[in-house]
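Here's the structure we're looking at; comments come further down.
The values are calculated or read from the model by the stated rules, or taken from the named source; none is laboratory data. All of these numbers come straight from a predicted model, not from anything done at the bench. Please note: Cβ atoms are built from the backbone with ideal geometry, for glycine as well, and neighbour counts cover all protein chains shown.
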Amino acid sequence: MNKNFYALVLILVCLSCGESYVPKPKAFLRLDYPKAKYIESNLNIPFTFETNILASNVEMKAINASAKSYGINLEYPSLKGTIFLTYKAVEGNKKDLIDLLRDAQNFTQKHNIKADGILETVYENPSKKTYGMFYEVEGNAASQSQFYITDSINHFLTGSLYFYAKPNYDSILPAANYLQKDIKHIMETVAWK
């Protein structure tokens, strides 16, 4: 090879050495979800609520028909998650209500092992006779949200959000935020029969 070729390569190498290389940051998917549209539930249960039409599979099971206990699953296939609702009749028994409140609070606290934090938000709507608590669980816990709501006399409803994937808080956060708004909407629209 000739000397000119080696000189050209040497010049190019020297010129490129002056620039510092900065790697591009990793990109994250931008997840856009449709604006929520709500419809009233049409289930044969002792309360009504509004659910997002994105919950394409709403399944209800009588857990104990004589005790008036029901399980309702609101599945969101596009978000790979489900909101599980459990209703239990209290029927004016103060001890039962205290036990249900304790169970709901203990269920949330079991996520403390994996959670980075649990944010509690009190919910009260005296005109609709609904009182409860919403829990947002931060971190790689199995469930990102739980709640309970009651009229303090006859009705008690709990709910929790689960995804069909190993918990990875950063990757499920957009879907969790979207479904937390649905949970809050359920709490706001509960009407006891």
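Structure values in brief
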| read-out | value |
| --- | --- |
| Cross-chain or 6+ apart pairs with Cβ under 8 Å, region 108-127 first and more than 20 Å from residue 181 (Cβ to Cβ) and at pLDDT 70 or above, then surrounded by 13 or more Cβ atoms within 10 Å (Cβ to Cβ) and acidic (Asp, Glu) | 116/138 |
| Residue 173 vs. criteria part of a helix (DSSP H, G or I), among the aliphatic types (A, V, I, L, M) and either in contact with a Leu (Cβ under 8 Å, 6 or more places away or on another chain) or surrounded by fewer than 20 Cβ atoms within 10 Å (Cβ to Cβ) (or both) | yes |
| Test result for residue 28, more than 21 Å from residue 148 (Cβ to Cβ) and either at pLDDT 65 or above or surrounded by 10 or more Cβ atoms within 10 Å (Cβ to Cβ) (or both) | no |
| The listed residue being assigned to a strand (DSSP E or B) and either within 21 Å of residue 55 (Cβ to Cβ) or among the hydrophobic types (A, V, I, L, M, F, W, C) (or both), out of 124, 136 | 136 |
| Selection from region 145-170 of residues that are out of contact with any helix residue (DSSP H, G or I) (no Cβ under 7 Å at 6 or more places or on another chain), part of a strand (DSSP E or B) and not hydroxyl-bearing (Ser, Thr, Tyr) | 155, 157 |
| Residue pairs meeting the criteria (Cβ under 8 Å; at least 6 apart or on separate chains; first within 22 Å of residue 47 (Cβ to Cβ) and of a type in the set (D, E, K, R), in region 149-176; second modelled with pLDDT of 90 or more and surrounded by 15 or more Cβ atoms within 10 Å (Cβ to Cβ)) | 151/129; 151/130; 151/131; 151/192 |
| Boolean, residue 37 is among the basic types (Lys, Arg), out of contact with any Pro (no Cβ under 9 Å at 6 or more places or on another chain), loosely packed, with under 13 Cβ neighbours inside 10 Å and under 17 Å from residue 154 (Cβ atoms) | no |
| Lone unmet requirement of (1) touching a residue at least 60 places away in the same chain (Cβ under 8 Å); (2) crowded, with 16+ Cβ neighbours inside 10 Å; (3) of a type outside the set (Asp, Glu) for residue 181 | (2) |
